[in-house]
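Read through the structure below, which is laid out as structure tokens, and then see the notes.
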Amino acid sequence: MIKFLMLSVMSCAVLSGAALAGEDLPDNWKLTSRQTGYIFFEKTTPRAEFSYYKYKLSNPDMSTRNVAMEFMKNVKGRDLRPVPKVKGWEYSYVGNLPCATVVTKEGEYAVLINVCGSADTAEISRLIKISKTQFN
């Protein structure tokens, strides 16, 4: 399941477009937090969380793995395991949801897409589109 989620995230990460409005969100999803460089969505049935971060790296030479490790410290994740096929990671989250994280670098910026729980590919794709629009 996690590998499927990560493949979905990677394949959809290049998409853009869509304005953030209630009718644009996939069914059952709601925007729960929007701050500079960060947007967070969640749904209750089945339980899932989606977050998108875009921030300037303090060290532009930092590896994507080190970016993921820093993220793990902040979310109190554990057992970071690489999934080389998709150049991402899976891990366990304090809330006991399975999670997948993909990190990309865009010049001096890192983009981190995180999905926890269960979500359809179409839902993830839509949330990535909305998130990218907010930060471009």
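State all residues of region 104-136 that are among the basic types (K, R), crowded, with 18+ Cβ neighbours inside 10 Å and modelled with pLDDT under 90; if no residue qualifies, say none.
K132
With the checklist (1) over 16 Å from V111 (Cβ atoms); (2) at pLDDT 75 or above; (3) surrounded by fewer than 16 Cβ atoms within 10 Å (Cβ to Cβ) in hand, flag the one item K56 doesn't pass.
K56 satisfies every listed condition except (1).
So, in region 67-103, exactly how many residues are within 14 Å of the chain's Cα centre (by Cα), in a helix (DSSP H, G or I) and modelled with pLDDT of 75 or more?
3
Pull out all pairs, ordered by first then second residue, where Cβ-Cβ is under 6 Å, the residues are six or more apart or on different chains, the first lies in region 36-48 and is on the phi < 0 side of the Ramachandran plot and assigned to a strand (DSSP E or B), and the second is among the acidic types (D, E) and surrounded by 14 or more Cβ atoms within 10 Å (Cβ to Cβ).
E42/E49
Restricting region 29-48 to residues that are farther than 23 Å from E108 by Cβ and at pLDDT below 90, which is surrounded by the fewest Cβ atoms within 10 Å (Cβ to Cβ)?
T45
What about S11, is it more than 13 Å from the chain's Cα centre (by Cα), at pLDDT below 65 and polar (S, T, N, Q)?
No, not satisfied.
The values are calculated or read from the model by the stated rules, or taken from the named source; none is laboratory data. The model shown is predicted, which means the values in this text are computed figures rather than measured ones. Please note: Cβ atoms are built from the backbone with ideal geometry, for glycine as well, and neighbour counts cover all protein chains shown.
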